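The values are calculated or read from the model by the stated rules, or taken from the named source; none is laboratory data. All values derive from a computational prediction rather than experimental measurement. Every residue, glycine among them, receives a Cβ derived from its backbone with ideal geometry; neighbour counts consider all protein chains shown.
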Amino acid sequence: MLNNKNIVMGVAGGIAAYKAVEIVSRLKKLGASIHVIMTAAATNFVTPLTFREISGNPVVTDMWDEPKKWNVEHIALATKADLFLVAPATANMIGKIANGIADDMLSTTIMATKAPVLFAPAMNSNMFLNPIVQKNIHELSTYGYEFIPPEHGMLACGVEGPGRLPEPAAIVERVVARLSPDQDYVGRKIVITAGGTIEPLDPVRYIGNRSSGKMGYALAKNAARRGANVVLISGPTSLPCPGNVELIKIETAAEMRQAVISESGDADIIIKAAAVADYRPQDVAVHKIKKAGETLTITLEKNPDILLELGQIKKQNQILIGFAAETQDLVNNAQEKMKKKNLDMIVANNVTLPGAGFNTDTNIVKILYKDGRIEDLPKMSKEEISKNILDKIREFC
């Protein structure tokens, strides 16, 4: 994914430096050539030897070291970079660059590069929220420097709040997105639903379905990589949230409807990949239902049809995509659903086929358009299908 890409990674002196080792490892596995520059303070947390062994390249720590090649090393690295990543980025390093200070190898190389620069701040919450730090971040942003927002959580200092370095997978996902040649969704908001909904019977039990969420999550990941502003509304799933994606967790169909309607107003594209329960129990028991008698009768009532409602309120130039999981009469059922719900496109699959449907990494789908066209996609990974779907949606944009 990152073959032939040169990434210069700066590691500043913070406790989160240990996470930088995994970031380098993940980038290396994706094919990138990684060149690490460490501040003197960073070497107190992780040794240069660790980064050298993981990256396979020499690690620079001192401007005055003998250069490995006959060149001006900070200029050579600045020129070599396709992207410059600073993780963790301390308040000190951010402040230096914001004020034009270049007094060590890392700050000097950042000042000399013309490559995109991504900062991943990590620091104490009070320090991160300090107006001086915020001013520096804002100022650098106006110059074109990019920031990966820190996470909110428990910090090493014992304080809970913003300032935690995002997980390595999320940072790597941002790097992949930044270096992706396809940035055809930049400036577009895409709302994607994923997973199945659950409808409670009592505090212990619920009615659910077999959806794993893999299709919706693959769509969210690849849409974000292509520059979209992605909101992922997800039922319960064990899948990690893709990088650069806003995740809204829900459980019931009613909760999903509320989230979707709230986010759909300014959305350019809505992709309803979730398996939403059609019915819910009419009465939810306050306490666990005890075993009594040979049978148990549960009365169900209809859930709101979210996709139908979206089709009714769809704005001009808004694109609405649906999914149809069927066990019989696939094309007719999908065409009827597309017409009834005012869809621009529907992705249909027969969940009884081997390698298709819920809880699999692959699928076999048909893509139906409102002009009557039908495209058959062979069995492929949901990752590849998500890319195909996004390519098809571009035809409407």
> Among the residues of the stretch 97-112, which ones are farther than 24 Å from L165 by Cα and of a type outside the set (A, V, I, L, M, F, W, C)?
Replying inline: G100, D103
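Let's see how each residue does on (1) within 26 Å of A169 (Cα to Cα); (2) at pLDDT below 95; (3) surrounded by fewer than 16 Cβ atoms within 10 Å (Cβ to Cβ); (4) in the same structural domain as P149 (by TED's automatic domain parsing):
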{"position": "F51", "(1), (2), (3), (4)": "yes, no, no, yes"}
{"position": "V60", "(1), (2), (3), (4)": "yes, yes, no, yes"}
{"position": "P67", "(1), (2), (3), (4)": "no, yes, yes, yes"}
{"position": "W70", "(1), (2), (3), (4)": "no, yes, yes, yes"}
{"position": "A87", "(1), (2), (3), (4)": "yes, no, no, yes"}
{"position": "I110", "(1), (2), (3), (4)": "yes, no, no, yes"}
{"position": "A122", "(1), (2), (3), (4)": "yes, no, no, yes"}
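Kindly indicate whether I101 is more than 18 Å from A42 (Cα to Cα), at pLDDT 95 or above, outside any strand (DSSP E or B) and out of contact with any Asp or Glu (no Cβ under 6 Å at 6 or more places or on another chain).
yes
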>> Out of everything in the stretch 96-108 that is within 13 Å of L140 (Cα to Cα) and buried (at least 18 other Cβ atoms within 10 Å of the Cβ), what residue ends up being farthest from the chain's Cα centre (by Cα)?
In response: K96
> Say we look at the stretch 1-60 and pick out the residues that are assigned to a loop (DSSP other than H, G, I, E, B), β-branched (V, I, T) and touching a residue at least 12 places away in the same chain (Cβ under 8 Å); which of these is farthest from L106 (Cα to Cα)?
Replying inline: I15
>> Anything in the stretch 287-318 that is modelled with pLDDT of 95 or more, of a type in the set (D, E) and part of a loop (DSSP other than H, G, I, E, B)? List them, or say none.
In response: D305
